[in-house]
Amino acid sequence: MRAMLGLEVDLDQGALCVAPAFPAWLSWVRIDGLEALGRRFDLEVARDGAEYRVQSDGPIEVKELRSRKS
């Protein structure tokens with residue numbers, strides 16, 4: 001899951017970096033109660049054509065997205 005979402009914690013920026021790369025069969029992922037940087041929040045990542053849409057209800061800033069490679 002971590003690899004598909006490309007999750008990395010950036011302690012210097014106090015942010016969770018997200019760089020999704022889903023396999024062809026996966027179109028979205030939702031994680032409720034994700035804990036990072038001493039916080040708990042929900043995260044949803046969905047494929048939107050060749051790009052990804054990231055939504056979160058927490059204070060974590062999504063910093064990086066990469067396009068799906070065909």
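Computed from backbone phi with θ = phi - 60° and the Karplus coefficients 6.51, -1.76 and 1.60, the 3J(HN,Hα) list for the range 12-26 is 4, 8, x, 9, 9, 8, 10, 9, x, 8, 7, x, 4, 7, 10 Hz; x is used for glycine and proline.
Taking amide hydrogens as placed 1.01 Å from N in the peptide plane, the amide H of Trp28 sits under 5 Å from those of Arg47, each at least 5 positions away in sequence or on another chain. Once you put a point 7 Å from the Cα of Arg2 and another 7 Å from the Cα of Ile31, both along the Cβ direction, what distance in nm separates them? For Arg2 paired with Ile31, the spin-label model returns 0.9 nm.
Only the coordinates and a few stated rules stand behind these numbers; no lab work does. Given the structure is predicted, the values throughout are model-derived calculations rather than measurements. With ideal geometry, Cβ positions are generated from the backbone for all residues, glycine too; neighbour counts draw on all protein chains shown.
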